[in-house]
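Below is one structure; the comments refer to it alone.
The values are calculated or read from the model by the stated rules, or taken from the named source; none is laboratory data. What you are looking at is a predicted structure, and each value in this text was computed from that prediction instead of being measured. So basically every Cβ, Gly included, is an ideal-geometry build from the backbone, and we count neighbours across all protein chains shown. Side chains included, ligands, DNA and RNA excluded: accessible areas come from the protein's heavy atoms. Shrake-Rupley method; radii C 1.70, N 1.55, O 1.52, S 1.80 Å.
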Amino acid sequence: MGTDRLGRDVLANVLYGARTAFFISIPVMALAALLGLTLGAGAGFFGDKGFSTSRRNLLLCLLSLLCLGYYWLYLPVQIASLNLGTPMALKSIMAGAVVVVLLFCFSSLLQKFIAPLRQRVAVPVDQLVMRLTEAVSTIPRFVLILVLASFLPPSVLLLSLIISLTAWTGIARLARAEMMRIKQLPYFEAARSIGLNSRELLWRQAFPNLLGPVLVAFTFSLGGLLALESTLSFLNIGVPPTLVSWGRTIASVRSNTAAWWLVVFPGALLTLTILALYTCSHYLSKVFSSKNRG
């Protein structure tokens, strides 16, 4: 496969680039799928009037989100901008988890002495999730990454966090639609009629039938993330220059436009990988469709 302008083996770059692509794409897509499945299934199952909780839990969720936004988003961004290293970012994440645990213990203590905190209120889960999905969908992911890259150094952790927090919306919509369909099926109505609680209905009846469509969407979206990672690497955005990637190997052709092998071999492998993932998604969809008809 030849070498690049520095004499590095293109075959080695292609192999290590595959590892980088999947190292970033699979965990990011797994986190996005888990977030989308949780929010979408909750919205479809509970609707606007099916979920109620105490005021203490609502207050705890609000304070926890604020703390996690500070310790898990703001501080890691500042740490990345100051080049303080990954250990400092991990310490910030651990500190956020400790603060949430302390808030839980403190709110449990307050609940025993303040009666209004024990009162239950209905939560419009479907409306909240749909408005959040619409708000996140309006943010152009690529533009957001470009804006952050203009004043922050490249970081795999930061790039993974940004993509995870913006890639869950499609799976959330799919999970919500599937959950609303499953709720109308006879076996689900029969399970509800025999007295199963919400947890048993979700874990034993709904989630096993939701995993098929979500797995198809996961496989399909994984191909898109591979293409996005290679595009960002080609533009020298997001991924640190110390990591070998397909996009950065293709970008090295700028210094020698006659070196066609720097484009053909990494580009062909990227194309074949994405095509393979899309083909797997297609056949998985056919398998689950035939299973549902059976």
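Numerical summary
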{"item": "Selection from region 179-194 of residues that are open to solvent by less than 60 Å² (accessible area, probe 1.4 Å) and either closer than 24 Å to PRO27 by Cβ or outside any helix (DSSP H, G or I) (or both)", "result": "LYS183, LEU185"}
{"item": "Failed item, numbered, when ALA259 is tested on (1) outside any helix (DSSP H, G or I); (2) under 23 Å from ILE163 (Cα atoms)", "result": "(2)"}
{"item": "Residue under evaluation VAL263, criteria (1) open to solvent by 70 Å² or more (accessible area, probe 1.4 Å); (2) at pLDDT 85 or above; (3) touching a helix residue (DSSP H, G or I) at 6+ places or on another chain (Cβ under 9 Å), criterion not met", "result": "(1)"}
{"item": "Lone qualifier among PRO266, PRO240 - being farther than 30 Å from PHE46 by Cα, part of a loop (DSSP other than H, G, I, E, B), touching a residue at least 12 places away in the same chain (Cβ under 8 Å) and touching a Ser or Thr at 6+ places or on another chain (Cβ under 8 Å)", "result": "PRO240"}
{"item": "Residues being within 18 Å of the chain's Cα centre (by Cα), without any contact (Cβ under 8 Å) to a residue 60 or more places away in the chain and open to solvent by less than 40 Å² (accessible area, probe 1.4 Å) - total across region 195-226", "result": "2"}
{"item": "Selection count, region 242-282, where residues are within 29 Å of the chain's Cα centre (by Cα) and charged (D, E, K, R)", "result": "1"}
{"item": "Test result for TYR16, over 28 Å from ILE274 (Cα atoms), open to solvent by 40 Å² or more (accessible area, probe 1.4 Å) and under 25 Å from the mean Cα position of the chain (by Cα)", "result": "no"}
